[in-house]
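Asker: Could you have a look at this structure, given as structure tokens, before my questions?
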Amino acid sequence: MEENIAWEVTYNNNEACVLKNVHDCYYAGFKKLDYKKNEKPSVDYINEKLAVAGWTLKTFKRMTITSSNWFSSIVNYQFPVTTIMRSLNSSTFAEEPDCFHDYFGHLPFLFDQSYVDLLIKLSNVYLLCEDDESRELVYKVYYYIFEFGVYLQEGKVKLLGSGFLSSFEQRERVLNGDINIKKFNVEQISLESIHKDGVVNTVFVLPPFDELDAEVEKLKLSVCTVSCY
Ligand SMILES: [Fe+2]
């Protein structure tokens with residue numbers, strides 16, 4: 001099956017480097033999901049594994065879901081995923097999120113409670129927003145934490161953003177210092193763009209989860225009117 005070949009090649013292009021450079025909160029979930037290297041996992045298989053963490057998948061052939069529906073699913077512990085696999089010649093970089101990005105890049109983190117608490121909290125802030133400007137800001141904060149966030153540990157980059165986990169090319173760029181790394185700052189993030197093609201030129205060093213939680217709390221206060229409370 002063509003998809004299994006693409007999965008295997010993509011998996012082999014990413015696994016070793018990701019496991020060496022990913023943030024610690026990825027490992028337990030990665031082990032629990034226990035993917036086969038040579039077979040794209042089925043939705044039923046993943047749902048069975050995710051059940052222990054309280055999540056189920058919400059599947060789409062392509063990610064056509066609106067941001068608002070995306071965050072609504074998240075707060076209901078339904079993680080939206082695409083089921084299509086990138087083509088074999090996109091194994092090192094796929095412009096459009098595919099199931100490798102979702103299954104390998106996102107799902108292992110869902111077993112980590114601190115990560116999940118932050119994701120749910122930020123999603124709830126998005127759903128509280130009452131105007132497009134606020135929604136855009138919260139989405140950018142999501143994007144620069146969960147899709148392209150990094151940590152620095154003893155001077156070494158540790159990856160949290162799923163966009164780096166599923167793209168060999170983007171990962172090489174950030175690990176080789178070819179991407180501008182700035183200190184986490186919501187005001188600065190508000191000035192950045194969202195790159196639909198998955199290529200970023202600036203990313204942010206994230207503070208520990210408890211400090212991020214406080215940042216999200218501040219964000220909530222800044223985007224919500226009195227009616228939010
Ligand atoms: Fe993603």
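Asker: When every alpha-carbon pair in region 103-200 is counted, what percent end up more than 19 Å apart?
Answerer: On the way: 2131 of 4753 pairs.
The proportion of pairs with Cα distances above 19 Å equals 45 percent.
Asker: In nanometres, what is the gap between the two model label sites at residue 78 and residue 221, each 7 Å from Cα along Cα-to-Cβ?
Answerer: Placing both labels 7 Å along Cα→Cβ, they lie 3.4 nm apart.
Asker: Taking neighbour counts of Cβ atoms within 10 Å as a proxy for exposure, in what order, fewest first, do 68, 162, 193, 134 appear?
Answerer: Values: 68 13, 162 22, 193 10, 134 18.
By the 10 Å Cβ count, ascending, the order reads 193, 68, 134, 162.
Asker: In which sequence would 23, 195, 101 go, from the one with the fewest C-beta neighbours within 10 Å to the one with the most? Intermediate results must be reported in sequence, preceding the final value.
Answerer: Working: 23 19, 195 15, 101 23.
Sorted ascending by nearby Cβ count, the order is 195, 23, 101.
Asker: Which whole number in µm²/s is D for the chain by Stokes-Einstein, with the Kirkwood Rh taken over Cα pairs at 4 °C and 1.567 mPa s? Let's see the in-between values first.
Answerer: On the way: Rh = 17.9 Å.
This corresponds to a translational diffusion coefficient of 72 µm²/s.
Asker: In region 2-228, what percentage of the DSSP-assigned beta bridges are antiparallel, given to the nearest 5? Display every interim value, and only then the final one.
Answerer: Values: 4 of 15 bridges.
If I count the DSSP bridges inside region 2-228, around 25 percent turn out antiparallel.
Asker: Another question about this same structure. Would you pull out the residues with amide H under 5 Å of residue 151's amide H, same chain only if 5 or more places away, H placed 1.01 Å from N?
Answerer: Result for residue 151 returns 158, 159, 160, 206.
Asker: Which is farthest toward the positive dipole end of region 2-228 among 77, 207, 30, measuring Cα position about the Cα centre, with Cβ charges +1 (Lys, Arg) and -1 (Asp, Glu)?
Answerer: Sorting the options by dipole projection puts first 30.
Asker: Give, rounded to the nearest 20 debye, the magnitude of the charge dipole that the chain has about its Cα centre when Lys and Arg contribute +1 at Cβ and Asp and Glu contribute -1 at Cβ. Display every interim value, and only then the final one.
Answerer: Details: 23 positive and 33 negative charges, 69 e Å.
The dipole magnitude comes to about 340 debye.
Asker: Please give every one of the lysines within straight-line cross-link reach of residue 32, meaning a C-alpha to C-alpha distance under 19 Å, and leave out same-chain neighbours fewer than 8 residues apart.
Answerer: The reachable lysines, counting only those whose Cα sits under 19 Å from residue 32, are 20, 40, 49.
Asker: Going by alpha carbons, how many degrees (0 to 90, nearest 10) lie between the helix axis of 2-21 and the longest principal axis of the chain?
Answerer: 60 degrees
Asker: How tilted is helix 132-142 with respect to the longest principal axis of the chain? Cα atoms for both, answer in degrees (0 to 90, nearest 10).
Answerer: With both axes taken from Cα atoms, the answer is about 50 degrees.
Asker: Please report the relative contact order for region 12-105, taking Cα pairs under 8 Å with a sequence separation of at least 6, and give it as a percent rounded to a whole number. Write down the numbers at each step before the final one.
Answerer: Working: 72 pairs, mean separation 19.5, N = 94.
Once normalised by length, the contact order is 21 percent.
Asker: Can you give the three extents of the C-alpha atoms in region 1-86 along their principal axes, from longest to shortest, in whole Å?
Answerer: The Cα atoms of region 1-86 stretch 34, 31, 23 Å along the principal axes, largest first.
Asker: If you don't mind, there's one more thing I want to ask. As I understand it, the dipole of region 43-175 uses +1 on the Cβ of Lys and Arg and -1 on the Cβ of Asp and Glu, about the Cα centre. Which of 143, 120, 101 lies farthest toward its positive end?
Answerer: 101
Asker: Want the number for residue 191 to residue 66: 0.36 nm per residue separation, take away the alpha-carbon distance, what's left? Before the final figure, lay out each step's value.
Answerer: Values: separation 125, 0.36 × 125 = 45.00 nm, distance 2.22 nm.
My answer for the length gained is 42.8 nm.
Throughout, read-outs are computed from the coordinates displayed, never taken from laboratory work. Values in this document were obtained by computation on a predicted structure and should not be read as measured data. Methodologically, a virtual Cβ is constructed for each residue, glycine included, from the backbone with ideal geometry; neighbour enumeration extends over all protein chains shown.
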